[in-house]
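The values are calculated or read from the model by the stated rules, or taken from the named source; none is laboratory data. From a predicted model like this one, the values you see are computed outputs, not experimental measurements. Here the Cβ is made from the backbone with ideal geometry for all residues, glycine too, and neighbour counts use every protein chain on show.
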């Protein structure tokens, strides 16, 4: 545990944290020899599994050649090769990359790039970025400012401007109290309403996760949503930023989640799956039109990060993506995701506290409810998902959870996003551990609350 070492600022000051010393496939092991089934790939990060020796070998080879060269002066071969590989998998037209150290940085750089695009066009007044309620785009100040995560916005409130957030496209808990398809995608038209309210000539971009992550519980918008969003963006001349930090590089069973819709973004924001967690790396991927505007304008990309294009991180990303292609892991993610979703649906049908499952590929979420038949949630004061996560750690399964819905602070969900290498037998074990954990964690909640 962490106490003998000290010196680390962790989320829970009074807590103790297992010290991980090894990993293999979907499992981790701590310094005391305890094993954990990593049911969320760290935090939707690990795709190829833990402990793949050839990735470490590729990183070591690169470090022996050159470990760092400033991106303000040099490019490096790992950076160039990784960019070229990624370009073969992105949606059409998204061909220009700027590497970062992670997802939050990528969000910040995407916002800056959107601003530069408009300035290059002479639209100096455009700076506002519209986001969605119940969303998350990173932990840095600019990323929090464009997101709809209520806790983080409250914590950093004094630093943030007034939020520009539209309705979340969560049909199960519609914040507009409408029903799909009779609603005619009113949640997408809410973007037009917000643009008009803010003055169209001041709005630079709209940012959204194609399929939600931890905050919204793998929320997927209905058919036609992003096509409608794309049309609104085009109507008002604003950029569409697709946050693929969680969903990119195969997590939903496609290379990128936005490919589920016929709506090409202007900029994509990526991280986690690029390196499968073997090194910190993120990327901003710009459309040809965005790049051409800057190239034919000032000719200078105004993005600056010390570790942009770091050779060792890019070597890790290159080795991981080659491993993914060699073992056809995106296709495997889609197949195993369907199997795991079916197994979770069966578990929801028999559990006292699991109300349903949703998601795509190996980005899935299950709902916790006092009464699964009606979907009645636990009150927030019961801290249902926190109980489940803590019980999971005691039982040797690593989980993540979120709270609230698009129209309420109440409601809890648990994310399931294991590495793409998971087998059917391991899926069965995951579901067994999850259902036992949920039952043990929540069976006494009503009794404790005097019900």
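Quick notes on this one:
- Residues of the range 157-193 that turn out to be within 27 Å of residue 124 (Cβ to Cβ) and in a loop (DSSP other than H, G, I, E, B), as a count: 5
- Top-ranked residue in the range 378-402 [being touching a residue at least 24 places away in the same chain (Cβ under 8 Å), in contact with a strand residue (DSSP E or B) (Cβ under 8 Å, 6 or more places away or on another chain) and assigned to a helix (DSSP H, G or I); ranked as farthest from residue 419 (Cα to Cα)]: 380
- Lone qualifier among 225, 236 - being under 26 Å from residue 185 (Cα atoms), in contact with a strand residue (DSSP E or B) (Cβ under 8 Å, 6 or more places away or on another chain) and assigned by TED's automatic domain parsing to the domain that holds residue 118: 236
- Residues that are closer than 22 Å to residue 141 by Cβ and buried (at least 19 other Cβ atoms within 10 Å of the Cβ) within the range 165-183 comprise just one, 166.
- Residue pairs whose Cβ atoms lie under 6 Å apart, separated by 6 or more positions or on different chains, with the first residue in the range 302-331 and on the phi > 0 side of the Ramachandran plot and the second in a helix (DSSP H, G or I), are 309/79.
- Residue within the range 423-441 that is within 19 Å of residue 23 (Cβ to Cβ) and not in a helix (DSSP H, G or I) present: yes
- Qualifying position, being touching a helix residue (DSSP H, G or I) at 6+ places or on another chain (Cβ under 8 Å) and on the phi < 0 side of the Ramachandran plot, among 31, 59, 109: 59
- Check on residue 365, out of contact with any helix residue (DSSP H, G or I) (no Cβ under 6 Å at 6 or more places or on another chain) and either surrounded by fewer than 18 Cβ atoms within 10 Å (Cβ to Cβ) or not assigned by TED's automatic domain parsing to the domain that holds residue 431 (or both): no
- Residue tally, condition closer than 23 Å to residue 314 by Cα and touching a residue at least 12 places away in the same chain (Cβ under 8 Å), over the range 25-56: 16
- So residue 230, is it free of Cβ contacts under 8 Å to residues at least 40 places away in the same chain, under 14 Å from residue 96 (Cβ atoms) and either surrounded by fewer than 22 Cβ atoms within 10 Å (Cβ to Cβ) or not assigned by TED's automatic domain parsing to the domain that holds residue 114 (or both): no
- All positions within the range 405-431 that are touching a strand residue (DSSP E or B) at 6+ places or on another chain (Cβ under 6 Å) and over 15 Å from residue 40 (Cα atoms): 405, 411, 412
- Qualifying residue in the range 101-112 (condition: part of a loop (DSSP other than H, G, I, E, B), under 22 Å from residue 208 (Cα atoms) and either in contact (Cβ under 8 Å) with a residue 60 or more places away in the chain or not assigned by TED's automatic domain parsing to the domain that holds residue 153 (or both)): yes
- Complete set of residues in the range 194-210 that are part of a loop (DSSP other than H, G, I, E, B), surrounded by fewer than 24 Cβ atoms within 10 Å (Cβ to Cβ) and either at pLDDT below 95 or in contact with a strand residue (DSSP E or B) (Cβ under 8 Å, 6 or more places away or on another chain) (or both): none
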